[in-house]
Amino acid sequence: MNKVANYLQEHISGEVMTTPSVRRYFSTDGGVFEVMPSLVVYPKNANDVRKITRFTWQLAEKGHVLPITARGRGSDQAGAAIGSGIVMVFPAHMNKLLEFDTKQRLARVQPGVNYRTFQDAVQTHGYFLPPYPSSIDFATLGGAIANNSAGEKTVKYGATRKYVQSLEVVLANGELIQTERLNKRELNKKKGQTNFEGEIYRQLDNLITDNWELLQNHTAHPEVSKNSAGYAIIDVKQKDGSFDLTPLLVGSQGTLGIVTEAIFRLEPYNPRTTLFAVYFSDLDRANQAVLQLLALEPSALEMVDSHLLEFITRINPNRLKGLVDPPYPAIVLLAEFDDAGENKRKAKTKRAEQIIGQYSERYARTEDFEEQQQLWAIRHSAAAVITHVEGNSKALPIIEDGVVPRNRFPEFITQIYALFEKYRLRVALWGHAGDANLHLQPFLDLSKIGDRQKVFKLMDEYYAMVLEMGGSTCGEHNDGRLRAPYLPKVYGDEMYQIFRDIKRIFDPYNTLNPGVKIDVTKELIAPLLRQEYSMDHLYDHLPRM
Ligand SMILES: Cc1cc2nc3c(=O)[nH]c(=O)nc-3n(C[C@H](O)[C@H](O)[C@H](O)COP(=O)(O)OP(=O)(O)OC[C@H]3O[C@@H](n4cnc5c(N)ncnc54)[C@H](O)[C@@H]3O)c2cc1C
């Protein structure tokens, strides 16, 4: 063990590891990059987190920057859960559901709680956390907060930010703060504090006041229905003068503070839903149906394209047999309605059936749970792309999360097909039709120079296309390292400068997850590209007591 590791092990109650195999394991996440940490820590409690951050702050004051990267399950696809200094792994110990107030629909949790375990627990009481990602089985709640994760229910319920009521956060210097919405008087009290927290409130309020007009100007933000790019500074101060750091910290990927507890607001869960599987031969007609169905507030409006269905059939001919058979429709849409009131749901179902009947070739509708699970298998079969290997080629998460304004959706799909045609790559699309947010992962071999060059060419062309349509580079997976170089183009230089100021205010020594979100260039990330992509890191690698 090195000197730093020895010092930390003496002062914290969790474990400190420097074993090469452990460091190697935590050198990758769900993305295409690799960064070897100098040590790995499994904190037992917030006090451990405070001691470690206070230590790195003191080191930084003396000119030595030792970065800290918080980590949940490491499923991040944009390289945000890796770092060169201390990787702080939360699922090992800080994995408890601390309190659940069913009357107020609030749950207090530690960041390392597994999302699926949490969802199962609250669902038995009739509630759920709607913005769950499709990585729900392995992701943690801390990772979902830090990424502002979203998923199939976001079209109706919104993304994670909407459900985080308050946070307990360790700041870069080790101070522990609680965040929640403050009124003007409470804000002034915070601003009067002489500690680092007071400094943050003062500087951030000044930053917002100085840039109020720009922040309110809608052209400074992409006009999309979901967006994880940048910092959500717009949500901090409201017109009534109230002020909340919570929405800013949600989606900040551990670059502004480390979450040690969170309080979530939950929604009532209704398992009795109506599900349509709708088959379209034409993109524009599918989009017409999507735009009209949106008015009925579906709880999911998901899609796969014909190429995904062909791919699945090629690698597993029986998987979708009977559910959807060749010749494949251009688009299969899954539209779900979860309204608790039986009459309301019936009325919506009737109207949805008219819309669907007008635009589609055919459709299936069911209220039966088992039949619904079978239909959902069409959408969830996309997981097979991610785990499939074609020779040495793997489905790389490099352009896996673009989102455009809803009216540009058909054009978005057509242009993606043209891009893949140009690079002679096999295409398969799936995602959130209701949000015009698509997922796609091209098969490339990272051991081949030609394919490694294609990674950056594809990214440049794809993100330029998304931005040209007024979209955002990420609807849900966030900037990380991967998309951070494009962030100035998503918001423009003035907004980007505000993001840089935010980072400086919270993290003056750049110890919190540096190399993620802010001040990242393609030149910085290119050398980090892995030689081989795999998802091995998702196997459990936590200490056993
Ligand atoms: C197959 C697959 C499907 C996916 N589907 C979706 C999807 O539908 N929607 C979606 O949004 N994402 C999706 N993702 C991306 C990712 O799984 C989610 O964003 C997930 O919420 C991340 O959780 P995690 O525990 O793995 O976080 P990690 O990957 O460990 O970390 C993610 C980020 O959170 C930060 N972080 C973690 N814990 C803390 C903490 N305590 N304090 C501060 N920062 C912290 C990390 O530093 C990092 O920046 C998918 C990934 C895969 C591999």
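Between the helical axis of 449-468 and the dominant principal axis of the chain, each derived from Cα atoms, what acute angle in degrees is found, rounded to the nearest 10?
Computed tilt is about 80 degrees.
Could you give the angle, 0 to 90 degrees to the nearest 10, between helix 46-61's Cα long axis and the longest principal axis of the Cα atoms of the chain?
The angle comes out at about 70 degrees.
If you average the alpha carbon positions of segment 10-57 and of segment 214-234, how far apart do those two centres end up, in angstrom?
Value for the Cα centre distance between the two parts: 33 Å.
For helix 283-294, what angle does its Cα long axis make with the longest principal axis of the chain, in degrees from 0 to 90 and rounded to 10?
With rounding to tens, the tilt is 60 degrees.
GluC sites (Glu not before Pro) within segment 483-535: which are DSSP loop residues with at most 14 other Cβ atoms inside 10 Å? Walk me through the numbers on the way to the answer.
Values: sites: GLU494, GLU523, GLU532; in loops: GLU532.
Those that pass, being in a loop and sparsely packed, are GLU532.
Using the alpha-carbon centroid of each, what span in Å lies between segment 476-491 and segment 159-188?
24 Å
Can you list the residues, at least 5 places off or on another chain, whose amide H is less than 5 Å from the amide H of GLN165, using H built in the peptide plane?
It is ILE263, PHE264, ARG265, by chain and number.
Taking a ≥ b ≥ c as the square roots of the eigenvalues of the Cα gyration tensor of segment 158-214, is the shape rounded (a/c under 1.5), prolate (a/b larger than b/c) or oblate?
On the way: a/c = 1.62, a/b = 1.06, b/c = 1.52.
Oblate, because a/c is 1.5 or more while a/b does not exceed b/c.
Longer than 20 Å from Cα to Cα, which of LYS162/LYS237; LYS162/LYS503; LYS156/LYS348; LYS189/LYS503; LYS191/LYS239; LYS189/LYS237 are they? Say none if no pair is.
Distance filter (> 20 Å) returns LYS162/LYS503; LYS189/LYS503.
Evaluate Rg over Rh across segment 3-93, taking Cα atoms for both radii and Kirkwood's formula for Rh. Each step should come with its number before you reach the end.
On the way: Rg = 12.5 Å, Rh = 13.1 Å.
Looking at segment 3-93, the ratio lands at 0.95.
How long are the semi-axes of the ellipsoid equivalent to the chain, from square roots of 5 times the Cα gyration tensor eigenvalues, in whole Å, largest first? Don't skip to the end; give the middle numbers.
Numbers: eigenvalues 278, 146, 108 Å².
With the √(5λ) rule applied to the chain, the semi-axes are 37, 27, 23 Å.
Can you give the calculated 222 nm mean residue ellipticity of the chain, where each DSSP H run of n ≥ 4 adds -39,500 (n - 2.57) and the sum is split over every residue, rounded to the nearest 500 deg cm²/dmol? Could the numbers behind the result be given before it?
Details: 20 runs with 197 residues, N = 545.
Per the formula, -10500 deg cm²/dmol.
Over the alpha-carbon set of segment 382-471, divide Rg by the Kirkwood Rh and report the Rg/Rh ratio to two decimals. Kindly include the intermediate steps, with their values, before the conclusion.
On the way: Rg = 12.9 Å, Rh = 13.4 Å.
Across segment 382-471, the Cα-based Rg/Rh ratio is 0.96.
I need the fraction of alpha carbon pairs in segment 97-268 separated by more than 23 Å, rounded to a whole percent. Each step should come with its number before you reach the end.
On the way: 6046 of 14706 pairs.
Counting pairs separated by more than 23 Å, the tail of P(r) holds 41 percent.
Using the Kirkwood radius over C-alpha pairs as Rh, can you work out the diffusion coefficient of segment 68-157 via Stokes-Einstein at 10 °C, viscosity 1.306 mPa s, in µm² per second?
On the way: Rh = 13.6 Å.
For the chosen part, D equals 117 µm²/s.
Let me know the Rg and Dmax you get for segment 274-366 when you use only its Cα atoms, in Å.
Using the Cα atoms of segment 274-366, the pair Rg, Dmax is 13.7, 43 Å.
For segment 435-543, count the residues as N, evaluate 2.2 N^0.38 Å, and divide the Cα radius of gyration by that value, please. If you can, show how the numbers build up before the last one.
Working: Rg = 15.8 Å, N = 109, 2.2 N^0.38 = 13.1 Å.
Output field value: 1.21.
Set the Förster distance to 45 Å, then compute FRET efficiency between GLU61 and GLN497 from the Cβ-Cβ distance, nearest 0.05.
Values: r = 26 Å, r/R0 = 0.58.
So, using R0 = 45 Å, E works out to roughly 0.95.
Rounded to the nearest 0.05, what FRET efficiency do ASN392 and LYS44 have when you use their Cβ-Cβ distance and R0 = 51 Å? Let's see the in-between values first.
Details: r = 41 Å, r/R0 = 0.81.
The calculated FRET efficiency here is 0.80.
The numbers here are math on the coordinates, done by the rules we state, and not lab data. Please read all numbers here as calculations on a predicted model, not as lab measurements. Glycine also receives a Cβ, built like all others from the backbone with ideal geometry; neighbour counts cover every protein chain displayed.
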